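First up is the structure itself, then whatever we jot down about it.
Values quoted throughout were computed directly from the atomic coordinates according to the rules given, and no laboratory measurement underlies them. Just so it is clear, the structure is predicted and the values come from calculations on it, not from any experiment. Using ideal geometry, Cβ is built from the backbone for each residue, glycine included, and neighbour counts are taken over all protein chains shown.
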Amino acid sequence: MKVVILGAFGQIARLVENRLLSESDTDMIWYLRHASRLTNPDSKRVEIVEGDVNDTDKLSNTLKDADLGYANLVGVFEPQAQAVKTAMELNRVKRLIWVTGLGLYHELPQKFEQWNEQSIGHSVMEDTRKAAQILENSD
């Protein structure tokens, strides 16, 4: 199995990478904007690629032969989701884990939902919801 980890320097992504290294024989591509931040712990199983997820061409090339995408991203999510969707469709990659925050589906208790939306910001939450819709409506 080959997993492409987008946002490979993220805190949660680092946990996933370490678990995959220690508990599986999964091959990985770690995709991130500043590759110098990471050291390759196993060149037989890990490839580190520097790139921006919004660069659909580079992302598409990186996703070739991948079985699964894992996105642990920051920033404006809607264009990122569109780029990931496009690159995955071009490569017929059908499985994606997209890490996001809570409150996406208004699933929280009302008072906590209000606090969460205020703390994070309504525009950020709406961007996250739009990104989720892009992915949910894809193949």
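The table below gives the values:
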quantity	calculated
Count of Lys pairs (Cα-Cα under 14 Å; at least 8 positions apart or interchain) in the range 30-94	4
With Cα atoms, 0 to 90° folded angle of helix 77-90 axis to the chain main axis	40 degrees
Taking only Cα atoms of the range 73-139, radius of gyration then Dmax in Å	13.2, 43
Charge sum, other residues only, whose C-beta stays under 12 Å from Leu68's C-beta, Lys/Arg counted +1 and Asp/Glu -1	0
Residues listed by number, the range 87-111, amide nitrogen under 19 Å from Glu23 label point at 7 Å toward C-beta	96-100
Over the chain: Kirkwood hydrodynamic radius from C-alpha pairwise inverse distances, Å	15.7 Å
From phi via Karplus (6.51, -1.76, 1.60), per-residue ³J(HN,Hα) for the range 111-122 in Hz, x at Gly/Pro	5, 5, 4, 4, 4, 4, 5, 5, 5, 7, x, 4
Dipole of the chain, positive end: most advanced residue of Thr100, Met88, His34 [Cβ charges, Cα centre]	His34
Estimated inter-spin distance, Arg92 and Val49, nm [label 7 Å along Cα→Cβ]	1.8 nm
Per-residue HN-Hα couplings for the range 32-38 [Karplus 6.51, -1.76, 1.60; θ = phi - 60°; Hz; x = Gly/Pro]	7, 5, 10, 4, 5, 6, 10
About the Cα centre, charge dipole magnitude for the range 2-136 (Lys/Arg +1, Asp/Glu -1 at Cβ), debye	160 debye
Given charges at beta-carbon only (K, R positive; D, E negative), |dipole| of the range 83-139 in Debye	240 debye
Degrees, to the nearest 10: 11-23 long Cα axis against longest axis of the chain	40 degrees
The range 2-136: relative contact order as a whole-number percent, Cα under 8 Å and 6+ apart	24 percent
